[in-house]
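The values are calculated or read from the model by the stated rules, or taken from the named source; none is laboratory data. As the structure is a computational prediction, the values presented were derived from the model and not from experiment. FYI the Cβ positions are ideal-geometry reconstructions off the backbone, even for glycines, and counts take in every protein chain you see. Quick note on the areas: whole protein, heavy atoms, side chains included, nothing else; ligands and nucleic acids left out. Shrake-Rupley method; radii C 1.70, N 1.55, O 1.52, S 1.80 Å.
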Amino acid sequence: MIMKQKKCILVIDDKSQSAVIKGFTSKYSKDFDLDFIAIRIGAAELKKDDSEDLDIDKLKTEIETKIKGKHLDVALSDFDLECPYFTGLDAVHLVHEIRKNVSFFVYSGNWNEVIKSVVGQEYQKASIEELVGGVNKLLKSQIIDCIDRTDYQEILIDYLKKDKGNSIEHQLATLLRANGEMKFESCFPEFKGMTFNEIADMIESHSDARSEEWIEAILAQTIAYIVKVNQ
């Protein structure tokens, strides 16, 4: 029996994606165990008090709360979020403040506006240097692809099928988040007292070289245990 791949996907849009997500999950239920985390920018609880404007602090808190303890395999954001001061690119940067190494797809129905946002003007008027600078900006933001709104389901499933996600780092981070609030107490004194979620964050963001040493220590302890029980 082939085990289904577990995938966690963050979706940010100004409109409800529940129908799309339901259809997508049903269609690919034989191959994937999909956990969609949907953030709707237009939700009443994300607006500023006594205003219809988006409260970015509330949005950040909402994202932090919903992804806490979960490994994100990929994220998607609509570029056109119907907010004059917050686009899909801003959503990418906001998520990266919370979880540094999340890869993104950005989708849109108006790519002239996307390009204008990235390079500062319409692409017909932009110089080669400005266009190259825009591409580099997207790459540094870990945006895998900028895609048409109507194509994102097919492109997402292709990505999930190709995404290996089988590295030691990925597997350890996923297992750690399953017991995220537990505190680490053994075999690596420098991480003593840290929660499993905190260690998973370090592994995924590569923010501390000690995380590699920690992985080596865990693997060495695992091998020692296997040797012991097999004697």
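At a glance:
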item	result
Residue match in the range 31-44 (condition: open to solvent by 70 Å² or more (accessible area, probe 1.4 Å) and either at pLDDT 90 or above or among the hydrophobic types (A, V, I, L, M, F, W, C) (or both))	yes
Number of the condition not met by Asp13 [criteria: (1) farther than 19 Å from Asp148 by Cα; (2) at pLDDT 90 or above; (3) in contact with an Asp or Glu (Cβ under 9 Å, 6 or more places away or on another chain)]	(1)
2 or more residues open to solvent by less than 10 Å² (accessible area, probe 1.4 Å) and either touching an Asp or Glu at 6+ places or on another chain (Cβ under 6 Å) or at pLDDT 80 or above (or both): qualifying helices (runs of 4 or more DSSP H) within the range 74-141	88-98
Which numbered condition Glu154 fails, given (1) open to solvent by 80 Å² or more (accessible area, probe 1.4 Å); (2) over 22 Å from Ser77 (Cα atoms); (3) acidic (Asp, Glu)	(2)
Residue pairs meeting the criteria (Cβ under 8 Å; at least 6 apart or on separate chains; first at pLDDT 75 or above, in the range 218-230; second in a helix (DSSP H, G or I))	Ile218/Leu172; Leu219/Ile168
Filter result (assigned to a loop (DSSP other than H, G, I, E, B), closer than 27 Å to Ala178 by Cβ and small (Gly, Ala, Ser)) within the range 16-71	Ser29, Gly69
Qualifying residue in the range 42-55 (condition: within 25 Å of Lys162 (Cβ to Cβ) and either more than 15 Å from the chain's Cα centre (by Cα) or not aliphatic (A, V, I, L, M) (or both))	no
Among residues of the range 183-209, those that are without any contact (Cβ under 8 Å) to a residue 60 or more places away in the chain and under 23 Å from the mean Cα position of the chain (by Cα), counted	9
